[in-house]
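**Q** One structure, as structure tokens, below. Some questions next.
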């Protein structure tokens with residue numbers, strides 16, 4: 001029973017992250033999010049916050065970086 005509860009909790013957490021990440025539109029379809037795309041979903045996001053989330057310093061936010069930011073609380077859901 002404990003295993004089932006832990007599994008369900010993990011599924012719910014992943015679903016919440018995916019749902020939150022889905023609020024950011026990848027307008028150009030390149031598989032990552034530009035500052036402009038992020039600002040459309042998070043209007044208060046500044047360049048410093050964007051840079052903090054862009055951990056690989058690519059100039060774009062990958063889906064993994066977005067999920068990590070939501071999971072860590074750096075971005076509100």
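**Q** In segment 1-36, which residues are part of a helix (DSSP H, G or I) and modelled with pLDDT of 95 or more?
**A** Scanning segment 1-36 gives 35, 36.
**Q** Any residue that is in contact with a strand residue (DSSP E or B) (Cβ under 9 Å, 6 or more places away or on another chain) and part of a loop (DSSP other than H, G, I, E, B) - is there at least one of those in segment 37-50?
**A** Within segment 37-50, none of the residues are in contact with a strand residue (DSSP E or B) (Cβ under 9 Å, 6 or more places away or on another chain) and part of a loop (DSSP other than H, G, I, E, B).
**Q** Name the one entry in 65, 71 that is at pLDDT 95 or above and either surrounded by fewer than 10 Cβ atoms within 10 Å (Cβ to Cβ) or part of a helix (DSSP H, G or I) (or both).
**A** Selected residue: 65, the only one of 65, 71 that is at pLDDT 95 or above and either surrounded by fewer than 10 Cβ atoms within 10 Å (Cβ to Cβ) or part of a helix (DSSP H, G or I) (or both).
The values are calculated or read from the model by the stated rules, or taken from the named source; none is laboratory data. These numbers were taken from a predicted model, which means no experiment stands behind them. Every residue, glycine among them, receives a Cβ derived from its backbone with ideal geometry; neighbour counts consider all protein chains shown.
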